[in-house]
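Down below is the structure, laid out as structure tokens.
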């Protein structure tokens with residue numbers, strides 16, 4: 001079974017190292033940093049839906065928007081890597097994409113404590 005390639009909208013906190021890694025791997029990447037580093041989360045989700053992009057973030061507020069407000073989304077990958085270096089984040093993202101890329105679109109996924117939880121959220 002073939003899946004469409006993931007397109008990403010990368011939130012500011014994720015960092016340039018991950019942005020560059022994804023671009024080098026051939027993913028289509030748009031960054032909040034390049035659009036408006038102070039863009040509200042609700043606008044980030046709306047843009048991601050409009051352009052069918054998976055949001056990669058370190059901001060827990062997206063859980064509130066997706067779970068409690070039931071905002072439509074095309075997928076959120078929440079990285080709980082608060083003290084990680086850019087290189088460590090890249091290593092985690094590379095591993096996640098190598099093993100789970102087909103499961104991320106349209107799901108809410110949280111990576112924390114070396115574990116990935118993926119949940120389908122109905123909106």
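What relative contact order, as a whole-number percentage, does the stretch 7-120 give when Cα pairs under 8 Å and 6 or more residues apart are counted?
26
Please list log₁₀ I(q)/I(0) at q = 0.20, 0.23 Å⁻¹ for the chain, using the Debye equation with identical point scatterers on the alpha-carbon positions.
-1.17, -1.62
Taking the Cα atoms of the stretch 48-112, report the difference between the largest and smallest coordinate on each principal axis, in whole Å and largest first.
Over the stretch 48-112, Cα extents along the principal axes are 32, 24, 18 Å.
Along Cα→Cβ, 7 Å out, is where each label goes; now give me the distance between the ones at residue 98 and residue 39 in nm to one decimal.
In this crude spin-label approximation the distance works out to 3.0 nm.
Every read-out reported here was derived from the displayed coordinates using simple, explicitly stated rules and does not represent laboratory data. No experiment lies behind these values; they were computed from the predicted model shown. Virtual Cβ from ideal backbone geometry, glycine too; neighbours counted across all protein chains shown.
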